[in-house]
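To keep things clear, I will list the structure first and then write my remarks on it.
The values are calculated or read from the model by the stated rules, or taken from the named source; none is laboratory data. Note that this is a predicted model, so its numbers are computed, not measured. Please note: Cβ atoms are built from the backbone with ideal geometry, for glycine as well, and neighbour counts cover all protein chains shown.
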Amino acid sequence: MKEVVGIEVLEDLSARSRCDEGFLHVKRLRARNRYADGSTSREYRIDVVDRPVPDAVAVLIWRRGPTGIEVLTRKTLRPAAHFRAGLPLPLPDPRGYLFVEELVAGVLEPSDHGDGGLLRRSAEEVLEEAGFRVAPGAIARLGGSFFLAPGILSEKIHPTVVEVTGLQPEQPGGDGSPLEEGATLRWWEARALLEACRSGEVEDAKTEICLRRFLETVPGPRRP
């Protein structure tokens with residue numbers, strides 16, 4: 001596999017692209033608040049970012065390994081984080097973000113309906129991104145869903161968990177997209193990963209949320 005060292009922007013299509021085309025759809029709304037007494041607020045603007053299917057799944061993959069309870073993360077290309085370097089940041093941010101470390105995750109497809117569809121999608125993402133073949137029935141929900149940025153994103157994350165102790169992984173195939181190139185996997189001792197989230201070494205919110213929920217319920221280690 002070739003090593004990815006950068007992203008080359010060939011063309012900025014922003015100025016001539018519609019808000020409702022592409023992978024993300026941006027709604028630009030003029031709105032006002034309605035009050036119980038029948039009056040209304042002054043007008044204001046709202047931007048809302050949607051996907052054709054607005055929800056996604058995150059999968060905490062774990063095993064009993066040499067260091068105890070271990071959790072798998074994946075470093076993958078994240079252009080939005082990478083291009084932060086060109087923004088007028090309010091606080092200095094010296095780190096580069098070509099890759100971001102996080103749990104296995106993926107967007108839901110139009111055919112993914114209900115709990116059955118969610119668990120099937122989780123199993124497919126585990127195979128595609130981590131190489132483990134697991135049955136949908138082996139995957140469990142990890143509490144309720146949650147928003148990541150409800151001020152602008154309609155997306156909700158549905159957290160799930162699966163144990164792969166004793167299973168031998170295949171080579172992850174990815175989805176064939178260039179955005180899947182260069183991805184790497186890492187097993188962490190669970191409490192070390194939590195500390196990496198606290199310190200900012202791992203900066204993905206869904207990873208910390210799912211890990212904290214997992215450590216509250218997993219048999220064996222005490223909660224850090």
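Regarding segment 127-146, can at least one residue be identified that is outside any loop (DSSP other than H, G, I, E, B), of a type in the set (Lys, Arg) and over 17 Å from the mean Cα position of the chain (by Cα)?
No, that holds for no residue.
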Mind listing whichever residues of segment 163-184 are surrounded by 16 or more Cβ atoms within 10 Å (Cβ to Cβ) and under 13 Å from THR73 (Cα atoms)?
ALA183
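Is at least one residue of segment 34-46 under 30 Å from LEU215 (Cα atoms) and surrounded by 10 or more Cβ atoms within 10 Å (Cβ to Cβ)?
So in segment 34-46, the residues under 30 Å from LEU215 (Cα atoms) come out as none.
No, segment 34-46 contains no residue that is under 30 Å from LEU215 (Cα atoms) and surrounded by 10 or more Cβ atoms within 10 Å (Cβ to Cβ).
Of everything in segment 152-187, what is farther than 30 Å from LEU29 by Cβ and in contact with a Ser or Thr (Cβ under 6 Å, 6 or more places away or on another chain)? Give them in sequence order. Spell out the reasoning first.
First pass over segment 152-187, keeping only residues farther than 30 Å from LEU29 by Cβ: 160-178, 180-187.
Across segment 152-187, the qualifying residues are THR160, ALA183, ARG186.
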Scan segment 1-27 residue by residue and report those that are surrounded by fewer than 10 Cβ atoms within 10 Å (Cβ to Cβ) and outside any loop (DSSP other than H, G, I, E, B).
SER14, ALA15, ARG16
Across segment 65-98, the tally of residues that are assigned to a strand (DSSP E or B) and at pLDDT below 95 stands at 4
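Look through LEU194, LEU167 and report the one residue that is outside any loop (DSSP other than H, G, I, E, B) and assigned by TED's automatic domain parsing to the domain that holds LYS75.
Numbers: LEU167 fails: outside any loop (DSSP other than H, G, I, E, B).
It is LEU194.
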Report, by residue number, each residue of segment 82-118 that is within 27 Å of PRO159 (Cβ to Cβ), exposed (fewer than 10 other Cβ atoms within 10 Å of the Cβ) and not polar (S, T, N, Q).
PRO110, GLY114
Just name the residue that is nearest to ARG63 (Cα to Cα) out of those in segment 191-204 that are surrounded by 15 or more Cβ atoms within 10 Å (Cβ to Cβ) and within 18 Å of the chain's Cα centre (by Cα).
LEU193
Only one residue in GLU208, GLU189 is at pLDDT 95 or above and touching a strand residue (DSSP E or B) at 6+ places or on another chain (Cβ under 7 Å), so which one is that?
GLU189
Please indicate, with yes or no, whether at least one residue in segment 22-44 is over 24 Å from PHE147 (Cα atoms), without any contact (Cβ under 8 Å) to a residue 60 or more places away in the chain and within 25 Å of the chain's Cα centre (by Cα).
no
Taking segment 145-164 and keeping only residues that are within 16 Å of PHE214 (Cβ to Cβ) and out of contact with any Pro (no Cβ under 8 Å at 6 or more places or on another chain), one is left with ILE157, HIS158, PRO159, THR160, VAL161, VAL162, GLU163, VAL164
